[in-house]
Amino acid sequence: MNTFCKVFYTQCFGQIVVMRQNDDTGAPAVYCYAKPTGLGVSDVALSFTDTEAGYEQANAVFARMNEAAAIEAVSPLFRLFGEVAA
């Protein structure tokens with residue numbers, strides 16, 4: 001089975017979804033989605049070069065992504081938008 005997303009249910013930020021996709025330019029990327037309070041679903045993208053090495057790096061980052069890494073990836077959304085939503 002080819003895993004295309006990981007879902008984490010966290011105490012601090014609620015649900016976080018991590019997906020291995022391509023960005024708007026077609027380059028490989030890992031997206032982390034979360035929903036800061038009072039706002040819609042937001043994302044953080046980790047983009048890589050559009051090369052074989054870039055695809056390998058994106059796949060490796062996605063494979064290693066765990067709950068702690070997902071929390072670290074989306075925490076800037078909550079710091080930035082937490083002030084806006086308050």
Practice problem: Return the only residue of V74, V41, V30, V17 being within 10 Å of the chain's Cα centre (by Cα) and without any contact (Cβ under 8 Å) to a residue 24 or more places away in the chain. | Solution: V17
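Can you say whether A69 is in a helix (DSSP H, G or I) and either surrounded by 12 or more Cβ atoms within 10 Å (Cβ to Cβ) or at pLDDT 95 or above (or both), as far as the supplied structure shows?
On the way: in a helix (DSSP H, G or I): yes; either surrounded by 12 or more Cβ atoms within 10 Å (Cβ to Cβ) or at pLDDT 95 or above (or both): yes.
Criteria met by A69.
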Quiz prompt | Residue that is nearest to F78 (Cα to Cα), among those in the stretch 44-61 that are within 15 Å of the chain's Cα centre (by Cα) and not polar (S, T, N, Q) | solution = V44
Quiz item: How do the pairs read when you match residues in the stretch 48-62 that are of a type outside the set (A, V, I, L, M, F, W, C) and at pLDDT 95 or above with residues anywhere that are assigned to a helix (DSSP H, G or I) and surrounded by fewer than 16 Cβ atoms within 10 Å (Cβ to Cβ), using Cβ under 9 Å and keeping only pairs 6 or more apart or on different chains?
Solution: none
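Take V44 and tell me if it is surrounded by 11 or more Cβ atoms within 10 Å (Cβ to Cβ) and either of a type in the set (S, T, Y) or out of contact with any helix residue (DSSP H, G or I) (no Cβ under 6 Å at 6 or more places or on another chain) (or both). Even if it seems obvious, please write down each step before you answer.
Values: surrounded by 11 or more Cβ atoms within 10 Å (Cβ to Cβ): yes; either of a type in the set (S, T, Y) or out of contact with any helix residue (DSSP H, G or I) (no Cβ under 6 Å at 6 or more places or on another chain) (or both): no.
So V44 does not fit the description; no.
Evaluate the following for A73: is it of a type in the set (A, V, I, L, M, F, W, C) and within 16 Å of V18 (Cα to Cα)?
On the way: of a type in the set (A, V, I, L, M, F, W, C): yes; within 16 Å of V18 (Cα to Cα): yes.
Against the criterion (of a type in the set (A, V, I, L, M, F, W, C) and within 16 Å of V18 (Cα to Cα)), A73 qualifies.
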Quiz item: So which residues in the stretch 27-47 are modelled with pLDDT of 95 or more and outside any strand (DSSP E or B), if there are any at all?
Solution: A27
Quiz item: Take the residues of the stretch 1-17 that are within 19 Å of G40 (Cα to Cα) and either part of a loop (DSSP other than H, G, I, E, B) or hydroxyl-bearing (S, T, Y) (or both): which is modelled with the highest pLDDT?
Solution: Y9
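The values are calculated or read from the model by the stated rules, or taken from the named source; none is laboratory data. Quick caveat: nothing in here was measured; it's all calculated off a predicted structure. As a convention, Cβ positions derive from the backbone with ideal geometry for all residues, glycine included, and neighbour counts pool all protein chains shown.
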